[in-house]
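Chemist: Mind having a look at this structure? Questions to follow.
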Amino acid sequence: MKLAEFNRFDSNYTFLNHGSFGAIPNQVKEKQLEMMELREKNPNKFIQITQYELIEEARRALATFLGSDYEDIIFVENVSKGFSNILRSLTLAPGEALLIYTHTYGAMKDSAQAMVDRSNGSELLNLDLPFPIESPDDVISLFDEMLTNHTNIKIAILDHIAQPGILFPIQELVDVCKSHGVLTVVDGAHAPGHVDLDLEELGADFYIGTLYKWLFGPHGSSFQWVAERYHSIVQPAVTSFGYGSPYPENFRQQGTRDPIPFIVMPTAIDFFESFGGRVRAVSWLTSSPFSGCVLACSECVSG
């Protein structure tokens, strides 16, 4: 991977915030422009017919890349929207609780609080995780203890990767929650392209991830994954055409929106794989001028 692939930056600008708003490779940007030209040649045909054909192709490519059944995964604009879709489709009875923890992202904390606020008599519980974290086993034990002591917890929001650079033992946390009968909603904003993913094997109940960070998709490209057993209850937070249809058909036509960030994801995946994917990216980071920062962060997280 060469910086020439990202030559649209200002000459006096060094981009180091890929984890918030990822840089778009030239070939992805060019594909966006190509799709914009196609749309403007015949807006009616593109918006009413073509976009749906192209989105379906992109969904299939993304499902293959993420180890997902095609019917379980859809595109959304961002993780916040995906979380709203899921949490507004779930319910908490009086006395039941939703679990977050120290490193839950701020927007997800707000989504969790909003759910509790509209659920009469429910509560939001916050698990305090000390930092630095000594080992994955410590995290697993703390979660298990929290769920054992609070049997009213029905939903847990889990992070796959959280600030400040913590890779959580997500498989073990999902399994612990399952053993307590707790639904899992995973915030995977930093995971796609950063770690290997097999969503079906992971076995969470819901997983929402970003595609415009480490997978080099355009801004406004993310995904929402729903286990098949919950297809019947998940509805869009914004009601539009398709209300009452089964998942994922009920998300197909969300008003007039820009579908091009979704459509070009196969190009982004091709770019990611063209330079060797995650393994090559890690190798480049640890051998680049930024390797000192990477190693320092690793040491901080590991304690």
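Chemist: Please sort 232-239, 205-212 by packing, taking for each peptide the average over its residues of neighbouring beta carbons within 10 angstrom, highest first.
Modeler: Per-residue Cβ counts within 10 Å, averaged per peptide and sorted highest first, yield 205-212, 232-239.
Chemist: So what's the Cα pair-distance distribution over region 35-146, bin width 5 Å, in %?
Modeler: Pair shares across the bins are 2, 9, 13, 13, 13, 14, 13, 8, 6, 5, 3, 1.
Chemist: Same structure, new question: Work out the charge dipole of the chain with +1 on the Cβ of Lys and Arg and -1 on the Cβ of Asp and Glu about the Cα centre, then indicate which of 136, 103, 259 is farthest towards its positive end.
Modeler: Farthest towards the positive end: 259.
Chemist: Please list the non-local residues whose amide H lies under 5 Å from the amide H of residue 183, H modeled 1.01 Å from N, same-chain partners needing a gap of 5 or more.
Modeler: 155, 156
Chemist: Further, regarding this structure: Got a sec? Charge dipole of the chain, +1 on Cβ for Lys and Arg, -1 for Asp and Glu; which of 214, 157, 58 is way out at the positive end?
Modeler: 58
Chemist: Check the straight Cα-Cα distances from residue 213 and name the lysines below 23 Å, setting aside those fewer than 8 residues away within the same chain.
Modeler: Cross-link targets: 2, 29, 31, 81, 109.
Chemist: Ok, one more. Bin all alpha-carbon pair distances of region 41-271 at 5 Å intervals from 0 and give each bin's fraction as a whole percent.
Modeler: Here the calculated profile for region 41-271 is 1, 6, 14, 19, 19, 16, 11, 7, 4, 1, 1, 0, 0.
Chemist: Could I ask something else about it? So what does the Cα-only Debye profile of region 1-66 read at q = 0.13, 0.22 Å⁻¹, as log10 I(q)/I(0), no solvent term?
Modeler: For region 1-66, the Cα-only Debye profile gives -0.56, -1.01.
Chemist: For q = 0.23, 0.26 Å⁻¹, what log10 I(q)/I(0) does region 91-171 give under the Debye formula with an equal point scatterer on each alpha carbon and no solvent?
Modeler: -1.12, -1.32
Chemist: Ok, one more. For region 3-72, which chymotrypsin sites (Phe, Trp or Tyr not before Pro) are both in a DSSP coil and crowded by at most 16 other Cβ atoms within 10 Å?
Modeler: Taking region 3-72 and a limit of 16 other Cβ atoms within 10 Å, the loop chymotrypsin sites (Phe, Trp or Tyr not before Pro) found are 9, 13, 15, 21.
Chemist: How large is the helix-only mean residue ellipticity at 222 nm for the chain, computed as the sum of -39500 (n - 2.57) over DSSP H runs with n ≥ 4, divided by its residue count, in deg cm²/dmol to the nearest 500?
Modeler: -11500 deg cm²/dmol
Chemist: Which value in Å is the Kirkwood Rh of region 115-209 over different Cα pairs?
Modeler: 14.1 Å
Chemist: Show me the helices of the chain, taken as full DSSP H stretches, that run 18 Å or more along their long axis by Cα and average 0.0 or above in Kyte-Doolittle hydropathy.
Modeler: Membrane-span-like by this criterion, though nothing is claimed about a membrane: 136-149.
Each reported figure results from applying straightforward, stated rules to the coordinates on display, with no laboratory input. Note that the structure is predicted; figures quoted are calculated from it, not measured. Counting neighbours? That spans all protein chains shown, and the Cβs are built from the backbone with ideal geometry, glycine included.
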